[in-house]
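My structure is below; once you've seen it, I'll send some questions.
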Amino acid sequence: MKIAMIGTGYVGLVSGVCFADFGHDVVCVDKDQRKIDMLEQGEIPIFEPGLDDLLARNVAGGRISFTRDLASAIDGAEAVFIAVGTPTRRGDGHADVSYVLAAAEEIAAIAKDYLVIVTKSTVPVGTNRKVADVIKKTNPDLDFDVASNPEFLREGAAIDDFMKPDRIVVGVQSERAADVMAAIYRPLFLRDFPIVTTDLESAEMIKYAANAFLATKVTFINEIASLCERTGADVKEVAKGIGYDGRIGNKFLHAGPGYGGSCFPKDTKALARIGQENGVPMRITETVIDVNEHIKRQMVEKLRDLCGGGFGGKVVAVLGATFKPNTDDMRDAPSLTIIPALVGGGAEVRVTDPHGQAEGETLLPGVQWIDDAYEAANGANVLVLLTAWNEFRALDLSRLAKNMRTPLMADLRNIYTAEDTQAAGFTAYASIGRPQRG
C-alpha cells in the first residue's frame, strides 16, 4: 500500500520508517528542504536509538523516499497521514491545530481519488471533524474519509513502541476507512497486538486521557517523595510496595525532578483547556500541572540547601540536560528550570549530556558544555545528577569525589545511595524522598 506522511518531525519520521519496514511504500513530505536533503543522505535530524539503521534498511529496499512535492506523494496513495506539530498556543494553553488544518486544506486541493486522511498529530477533541469540514469546503467532490490514529511513542524507545505496541487506536466513521486502517496495521494484527477501533472523538480523548493519567502518576510519586523526606520513609521502598499492586503497577513510579518532554506538558495543558471550554474543569490535571512546576522549583531549593544557602562562587557540574535519557529533546526539561536558577544565583555551571548540547547551547546560555562527567566534576563544589543516562549509572564515585573541590552530590534520579557516596568520599549527599543515612 502507498502511504504519504506529511511532516518529518519525531512522530512522522518514526511512523514513516516503521510503516516502510512493514513493507508499505512510504513517501514522507516536508516543506523544509534542509530536512529532506539530510534524510536523502541518510542523516537523521533527531536522535532516536536504532532509527538510523532502520531508515538505511528501508531506503536501500526502496520502500521509503522523501520529497517537498505533496502532489507526487499523494498520487496513488490510499492513506495520507498528517503528522505536523501541534504546539501549545500562547495565551490559553490549547494545542495549536493550525498546521493540521492547513495540511488538510493542501491535501484536499490536490487529491483526486479516494483517500483516508489520518490525523497522527495529537489534537483536541473535535479536530478531526474540523479536518473533514476543511476538506469538504476545499474540494466538495472529493471522495474521502477522516481517521484519528494517535501515537503512543516514548522518546528513546519509539521503534519498540511502534513495533510492539500496547495497543493501536483508530477512530473512524466508516467501514471503508476501518478496512484501510486495518490493512495498514495488518502486520501488527497478525501478531495479536490489539487494535481499538472507535469513533473520532473517543480516539482523540484516549490520547489525552492516557498522557494525563501517566503525568498524574509521575507527579503523585514525586509528591509522596516530598512527604517521605519529612517522615523518614524511603520513596523507593514505597514505590516498590505499591507497584506490586496490579491495579497500580510499577511503571512511572520513579521519583525525580518533575516531568518534561514533548507530550506530558503540552497534553496536560490542552486537556485542562478542553475541560474549561466544555464546562467540566479537569481539576486533577490542573493540579498535576501546578504541582509539577512546584517540584521543579523544589529541586532548586534542595540544591541551595546543599550549597549552604546560596550558589554564589560555586562550581556546579550537572550530569544530563535532556528531559530523559536516550533522546536529544530538551522541551520542558527540568534542566530549563534548575540550571538558569544556578546561573542566576552566581554559580559557574558545567553541563555534560550525551546528546543534549546541540539544543542546549541555545536554551541554556551562560553554561560550559563539557564532554565528560569526570572533566565536568574536576574542581567542582557540587555534582548534580539530573538525567539518568546509562553513562551516569556506574560512575567511579571515588574518582569523582577525589577531584572535586568540595565533594557534594545531589542525586535527583536516586541512582546512588548515601552509604555508597559516603564510602567514596562525598561529604554530603541529597536525593529524592529518601532518608539521608550513611
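For LYS236, indicate whether it is open to solvent by 80 Å² or more (accessible area, probe 1.4 Å) and either within 30 Å of VAL11 (Cα to Cα) or touching a residue at least 12 places away in the same chain (Cβ under 8 Å) (or both). Please lay out each step first, then the result.
Values: open to solvent by 80 Å² or more (accessible area, probe 1.4 Å): yes; either within 30 Å of VAL11 (Cα to Cα) or touching a residue at least 12 places away in the same chain (Cβ under 8 Å) (or both): yes.
In short, yes.
Scan segment 388-409 and report the pairs whose first residue is over 16 Å from ALA430 (Cα atoms) and whose second residue is in a loop (DSSP other than H, G, I, E, B) and of a type in the set (Asp, Glu), with Cβ atoms within less than 8 Å and a gap of 6+ or a chain change.
Matching pairs, first to second residue: TRP389/ASP353.
If you don't mind, there's one more thing I want to ask. Does GLY62 count as under 25 Å from the mean Cα position of the chain (by Cα) and either loosely packed, with under 15 Cβ neighbours inside 10 Å or assigned to a strand (DSSP E or B) (or both)?
Against the criterion (under 25 Å from the mean Cα position of the chain (by Cα) and either loosely packed, with under 15 Cβ neighbours inside 10 Å or assigned to a strand (DSSP E or B) (or both)), GLY62 does not qualify.
Show me the strands (runs of 3 or more DSSP E) found entirely inside segment 314-407 where at least 1 residues are touching a Lys or Arg at 6+ places or on another chain (Cβ under 9 Å) and either open to solvent by 60 Å² or more (accessible area, probe 1.4 Å) or small (Gly, Ala, Ser) (or both).
Working: elements: 315-319, 348-352, 382-385.
The qualifying strands (runs of 3 or more DSSP E) are 315-319, 348-352.
Tally up the residues in segment 43-55 that are within 17 Å of CYS18 (Cβ to Cβ) and more than 20 Å from the chain's Cα centre (by Cα), please.
Residues that pass the stated criteria total 3.
Condition first: touching a Leu at 6+ places or on another chain (Cβ under 9 Å) and either more than 19 Å from LEU190 (Cα to Cα) or open to solvent by 10 Å² or more (accessible area, probe 1.4 Å) (or both). Now tell me which residues in segment 1-15 satisfy that. Full working, then the answer.
Restricting attention to segment 1-15, the residues satisfying the condition of being touching a Leu at 6+ places or on another chain (Cβ under 9 Å) are 4-8, 10-11, 13-15.
If the condition is that a residue be touching a Leu at 6+ places or on another chain (Cβ under 9 Å) and either more than 19 Å from LEU190 (Cα to Cα) or open to solvent by 10 Å² or more (accessible area, probe 1.4 Å) (or both), then ALA4, MET5, ILE6, GLY7, THR8, TYR10, VAL11, LEU13, VAL14 are the ones that fit.
Look at segment 88-146 and say how many of its residues are in contact (Cβ under 8 Å) with a residue 12 or more places away in the chain, closer than 19 Å to ALA209 by Cα and of a type outside the set (Lys, Arg).
14
Somewhere in segment 85-100, is a residue in a strand (DSSP E or B) and either over 27 Å from ASP143 (Cβ atoms) or over 22 Å from the mean Cα position of the chain (by Cα) (or both)? Reasoning before the result, please.
Step one: filter segment 85-100 for residues in a strand (DSSP E or B), giving 88, 95.
Now narrow it down to the ones that are either over 27 Å from ASP143 (Cβ atoms) or over 22 Å from the mean Cα position of the chain (by Cα) (or both): 88, 95.
Yes, the conditions are met somewhere in segment 85-100.
Does segment 359-371 contain at least one residue that is touching a residue at least 60 places away in the same chain (Cβ under 8 Å) and within 16 Å of LYS296 (Cβ to Cβ)?
We begin by selecting, within segment 359-371, every residue touching a residue at least 60 places away in the same chain (Cβ under 8 Å); these are none.
No: zero hits.
The values are calculated or read from the model by the stated rules, or taken from the named source; none is laboratory data. Computed from a prediction, not measured in an experiment: that's the story for all the values here. Virtual Cβ from ideal backbone geometry, glycine too; neighbours counted across all protein chains shown. Just the protein is used for accessible areas: all its heavy atoms, side chains included, with ligands, DNA and RNA removed. Shrake-Rupley method; radii C 1.70, N 1.55, O 1.52, S 1.80 Å.
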